[in-house]
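Engineer: There's a structure below that I have some questions on.
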Amino acid sequence: VISIDKRILDLENPSQEVIAADQKRLVVDAFARYRIKDALRFYQSVGSIQSANIQLTTLLNASLRRVLGEVTFIQVVRDEREALMGRIRDQLDKEAGGYGIQVVDVRIRRADLPEQNSQAVYQRMQTERQREAAEFRAQGGQKAQEIRSNADREATVIIADANSTAEQVR
């Protein structure tokens, strides 16, 4: 007698790099939850939960790459994350059905740039901020020069008026 667990089971997927449609690399950390819906088919096709986890990990990786490869980085991290997880779940569920498995949920825990890309983005942001700061300093210096020249001109006019008034008084 072989007992098969009918509860919802977890599948932890190791982090992997995926290339989005805009050619940006992403480090994606995802997991899935599934249940065995057809015990006979499950037993005949994979035999055990460990084997099922191996098969599902392969299928999950393929689904992640397929779905996330069709969208941009921004869509993954911000705009359409929920819809993308639904698409991945639907694909995985369809493929896992042949093993007697029903995929209940797929979640993307984390989707970030790889460390080297993060450093490059940080450097680019820092350079951009330094450029903006230099531009603001230059604009401020120009304004300061205009104010000084106006003040010098006014001082020259006032001194000239004072000298002419002094000459008239003498």
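Values in this text are rule-based calculations from the coordinates and carry no lab data. Please read these numbers as outputs of a predicted model, since none were measured by experiment. Positions of Cβ are generated from backbone atoms using ideal geometry, with glycine treated the same way; all protein chains shown enter the neighbour counts.
Engineer: Return the distance in nm (one decimal) between the two label points of a simple spin-label model at E17 and F31, each offset 7 Å from Cα along Cα→Cβ.
Structural biologist: With each label point 7 Å from Cα toward Cβ, the separation is 2.5 nm.
Engineer: Now for a separate question. Tilt of helix 115-169 relative to the longest C-alpha principal axis of the chain, in degrees (0 to 90, nearest 10)?
Structural biologist: On a 0 to 90 degree scale, this one is about 10.
Engineer: Let me know the shape class of the chain, please: from the alpha-carbon gyration tensor, a ≥ b ≥ c as square roots of the eigenvalues, rounded when a/c is under 1.5, otherwise prolate if a/b is greater than b/c, or oblate.
Structural biologist: Values: a/c = 6.51, a/b = 5.69, b/c = 1.14.
Note, shape of the chain comes out prolate.
Engineer: Checking the cross-link filter: which lysines have an alpha carbon closer than 26 Å to that of K94, excluding same-chain neighbours under 8 positions apart?
Structural biologist: K6, K37
Engineer: Give the residue from N163, Q126, G141 lying farthest towards the positive end of the charge dipole for segment 114-170; charges sit on Cβ (+1 for Lys and Arg, -1 for Asp and Glu) and the dipole is referred to the Cα centre.
Structural biologist: Value: Q126.
Engineer: Moving on to the next point. Taking the chain as the reference, fit the longest principal axis to its C-alpha atoms, fit the long axis of helix 81-96 to the helix C-alpha atoms, and give the angle between the two in degrees, 0 to 90, nearest 10.
Structural biologist: It is inclined by approximately 20 degrees.
Engineer: A further question on this structure: Which of these, E132, E80, E146, has the largest mean-square fluctuation under a Gaussian network model of the chain (Cα springs below 10 Å)?
Structural biologist: Among E132, E80, E146, the largest GNM mean-square fluctuation belongs to E146.
Engineer: Taking a ≥ b ≥ c as the square roots of the Cα gyration tensor eigenvalues, with a/c under 1.5 meaning rounded and otherwise prolate when a/b beats b/c, else oblate, which class fits segment 114-170? Working shown, then result.
Structural biologist: Working: a/c = 14.84, a/b = 12.27, b/c = 1.21.
Prolate, since a/c reaches 1.5 and a/b exceeds b/c.
Engineer: As a test of the formula, what do you get for the chain when each DSSP H run with n ≥ 4 contributes -39,500 (n - 2.57) and the sum is divided by the residue count, at 222 nm and rounded to the nearest 500 deg cm²/dmol? Walk me through the numbers on the way to the answer.
Structural biologist: On the way: 4 runs with 98 residues, N = 170.
One gets -20500 deg cm²/dmol as the mean residue ellipticity at 222 nm.
Engineer: OK, next. Pulled fully out, how much extra length does the chain show between E115 and Q142, if you take 0.36 nm times their separation in residues and subtract their Cα-Cα distance? Write out the running numbers ahead of the final one.
Structural biologist: Values: separation 27, 0.36 × 27 = 9.72 nm, distance 4.05 nm.
Stretched out fully, the E115 to Q142 stretch lengthens by 5.7 nm.
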